[in-house]
Amino acid sequence: MKKNLLPLAALLPLCAAAQQRYNIVYIMTDDHTAQMLSAYDSRNIQTPNLDRIAQDGVKFTRSFVANSLSGPSRACMLTGKHSHKNGFTNNEHGIFDGEQQTMPKLLQKAGYQTSIVGKWHLVSRPTGFDHWDILPGQGNYYDPDFYNEKGSYKVKGYLTNIVTDKAIHWLDEERDPNKPFALFVHHKACHRDWLPELKYLHEYEDVNFPLPANFYDDYAGREAAGKTEMEIGKHMTLDYDCKIMPRDGKGSHLLPSYLGFLDRLNTQDRAKYDYFYDSISVDFHKRNLTGKALVEYKFQRYMRDYAKVVKSLDDNVGRLLDHLKAKGLLDNTLVVYTSDQGFYMGEHGWFDKRFMYEESLNTPLLMHLPKGLSARGEINEMVQNIDYAPTFLELAGAAIPNDIQGVSLVPLLKGQHPKNWRKSVYYHFYEFPAEHSVRRHYGVRGERYKLMHFYNDNDAWELYDLQNDPTEMHNLYGDPKMKNVTKQMKKELLRLQKQYDDSIRFQQKL
């Protein structure tokens, strides 16, 4: 008797259906640094809901970005490629090419439903998403505008709450429950100018945050660091950043923007805001602070407002986790929490990011792992934001294109420790001249040493021993004792530039 055999082509969909296909919830914040997340550092604040992600999953201890800037970092995540390959190198002149291959598009082809809510910051309209509801530009903390395929509209409330509301609404009301999904929840928090949720205005006002050990850095031996414009003492404004209104009504060039943000509040909410910060302004002017006392006052105001913004963020991460659990989704969903880069909380006397120094090169990375992924606790292998795309694709059962430059983290999530895992990461920052005046540079970060090269208008090298000098205060480049280390690091830098096909290597002599 002749058997009826299914053709191979008919079997393929059955194989795909049999494979475990995890849902993905990718939470990305802006400028949230590990120093202000208690799973990494409990000295400053507590973030119990964010810590929950690590407690039932993993915490990456060496998670890095390829370009410490909002738009470029997002482009690296979407494409799995370094900035010079995805074409979005800087915020000043960049427009993301939405026609190119992206991870969300590949997830769609693999049968996933995709959605993004919140911050986009890539100028062009989102592609590869079945649903998108995003902020124009940076967005506003208070009563923000959104836009989607139907047009622009305004929403009443605090932005961090609203983004979470939209994510939950899509999960409950708009997604197809018969399809696996990838939901991208992108917050504006903790971006400058750190406007708190009104109910948290008084939080942290009784806290005096410790100054970082290198707060009064003199930038000796680091020429480019001394030229930047992001010192708390010199460049953080009293009005826009610290919310101190000038006595004469005349403030920094940023003051009109700040007042514009506040004008979005209704009369009642504006009164609450003004009552709190006006009293702080009055107190400040009575003090007549100068010198270090003034600098340290600005630091405390910065830290307090930043912490307040994180508190609302932590609340909302908890709200989303609780909702996923209540809906029975958590066991089959990979939940990723990260930021587009790190941030300086007074280290080197700075705020902002951009540099390849550790505080902005590092980014938090926590993952709740669903059933079937057995890793728990800390993962110490070096990972980078170009790795998210291939990770999600492998979990979706989709092929990873050869031109993707990142590597899948799935082996690490299964508790494996591949012997051939990377021992260094490549970094390249492009945005100069621009705000904060951080010079262009590229570099390699290895297990112990870091080598950086500032180029174009500022030709200078920097070498750090991260084991003996974790705060990167002593540039060892040119030290005869470091000749062999320098040679090896330059060799590794060139190897990575060739591997990632960064043409800058042909313009510089190593």
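The values are calculated or read from the model by the stated rules, or taken from the named source; none is laboratory data. Worth saying up front: this structure is predicted, and the values here are computed from it rather than measured. Ideal geometry is used to build each Cβ from the backbone, glycine not excepted, and the neighbour counts take in all protein chains shown.
Count of the stretch 65-77 residues, restricted to those that are outside any helix (DSSP H, G or I) and either surrounded by fewer than 23 Cβ atoms within 10 Å (Cβ to Cβ) or within 10 Å of the chain's Cα centre (by Cα) (or both), is 3.
Return a yes/no flag: does the stretch 320-337 have any residue that is among the aromatic types (Phe, Trp, Tyr) and either at pLDDT below 95 or out of contact with any strand residue (DSSP E or B) (no Cβ under 6 Å at 6 or more places or on another chain) (or both). Quick ask: steps written out before the conclusion?
In the first step, residues of the stretch 320-337 are kept if they are among the aromatic types (Phe, Trp, Tyr); the result is 337.
Remaining after also requiring either at pLDDT below 95 or out of contact with any strand residue (DSSP E or B) (no Cβ under 6 Å at 6 or more places or on another chain) (or both): none.
Within the stretch 320-337, not a single residue is among the aromatic types (Phe, Trp, Tyr) and either at pLDDT below 95 or out of contact with any strand residue (DSSP E or B) (no Cβ under 6 Å at 6 or more places or on another chain) (or both).
Has the stretch 369-387 got at least one residue that is surrounded by fewer than 18 Cβ atoms within 10 Å (Cβ to Cβ) and closer than 27 Å to Trp120 by Cα? Among the residues of the stretch 369-387, not one is surrounded by fewer than 18 Cβ atoms within 10 Å (Cβ to Cβ) and closer than 27 Å to Trp120 by Cα, which makes the answer no. Would you check which residues across the stretch 416-464 are over 24 Å from the mean Cα position of the chain (by Cα), crowded, with 20+ Cβ neighbours inside 10 Å and of a type in the set (D, E, K, R) and list them? Selection gives Glu462 alone.
Restricting Lys109, Lys119 to those that are buried (at least 20 other Cβ atoms within 10 Å of the Cβ) and either within 19 Å of the chain's Cα centre (by Cα) or over 18 Å from Lys166 (Cβ atoms) (or both) reduces the list to Lys119. If the condition is being assigned to a loop (DSSP other than H, G, I, E, B) and acidic (Asp, Glu), then the stretch 20-55 contributes Asp30, Asp31, Asp41.
Candidates in the stretch 483-505 are the residues that are in contact with a helix residue (DSSP H, G or I) (Cβ under 9 Å, 6 or more places away or on another chain) and free of Cβ contacts under 8 Å to residues at least 24 places away in the same chain; of these, the one that is farthest from Gly406 (Cα to Cα) is Arg505.
If you check Asp217, Asp206 for being of a type in the set (Asp, Glu), in contact with a Gly (Cβ under 6 Å, 6 or more places away or on another chain) and at pLDDT 95 or above, only one passes: Asp217.
For every residue, the table says whether it meets (1) over 24 Å from the mean Cα position of the chain (by Cα); (2) surrounded by 15 or more Cβ atoms within 10 Å (Cβ to Cβ).
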{"position": "Lys292", "(1), (2)": "yes, no"}
{"position": "Phe299", "(1), (2)": "no, yes"}
{"position": "Asp314", "(1), (2)": "no, yes"}
{"position": "Val317", "(1), (2)": "no, yes"}
{"position": "Leu324", "(1), (2)": "no, yes"}
{"position": "Leu329", "(1), (2)": "yes, yes"}
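Does Ile404 satisfy the criteria of being surrounded by fewer than 24 Cβ atoms within 10 Å (Cβ to Cβ), modelled with pLDDT of 95 or more, among the hydrophobic types (A, V, I, L, M, F, W, C) and touching a Phe, Trp or Tyr at 6+ places or on another chain (Cβ under 6 Å)?
Working: surrounded by fewer than 24 Cβ atoms within 10 Å (Cβ to Cβ): yes; modelled with pLDDT of 95 or more: yes; among the hydrophobic types (A, V, I, L, M, F, W, C): yes; touching a Phe, Trp or Tyr at 6+ places or on another chain (Cβ under 6 Å): no.
No, not satisfied.
Here Ser408 passes the criteria (1) hydroxyl-bearing (Ser, Thr, Tyr); (2) in contact (Cβ under 8 Å) with a residue 40 or more places away in the chain; (3) closer than 20 Å to Leu365 by Cβ except the one numbered (2). Being under 30 Å from Asp457 (Cα atoms) and without any contact (Cβ under 8 Å) to a residue 24 or more places away in the chain holds for only one residue in Lys234, Lys199, Lys250, Lys154, and it is Lys234. Going by the structure shown, is Glu92 closer than 20 Å to Phe355 by Cβ, assigned to a loop (DSSP other than H, G, I, E, B) and of a type in the set (D, E, K, R)? It is true that Glu92 is closer than 20 Å to Phe355 by Cβ, assigned to a loop (DSSP other than H, G, I, E, B) and of a type in the set (D, E, K, R).
Scanning the stretch 448-468 for residues that are in contact (Cβ under 8 Å) with a residue 60 or more places away in the chain, in a loop (DSSP other than H, G, I, E, B) and either closer than 30 Å to Ala54 by Cβ or touching a Leu at 6+ places or on another chain (Cβ under 6 Å) (or both) returns a single hit, Leu466. Residue-level analysis places Lys2 outside the set of residues that are more than 30 Å from Asn316 (Cβ to Cβ), assigned to a helix (DSSP H, G or I) and either of a type in the set (Lys, Arg) or at pLDDT 95 or above (or both).
So in the stretch 209-265, with the set limited to residues that are among the small types (Gly, Ala, Ser) and part of a helix (DSSP H, G or I), which one is surrounded by the most Cβ atoms within 10 Å (Cβ to Cβ)? Spell out the reasoning first.
Of all residues in the stretch 209-265, those among the small types (Gly, Ala, Ser) come to 213, 220-221, 224-226, 233, 249, 251-252, 257, 260.
If we keep only those that are part of a helix (DSSP H, G or I) as well, we get 224-226, 233, 257, 260.
Values: Ala224: 20, Ala225: 23, Gly226: 12, Gly233: 16, Ser257: 11, Gly260: 10.
So the residue we want is Ala225.
Take the stretch 88-128 and flag every residue that is in contact (Cβ under 8 Å) with a residue 60 or more places away in the chain, under 18 Å from His187 (Cα atoms) and among the basic types (Lys, Arg). Selection gives Lys119 alone.
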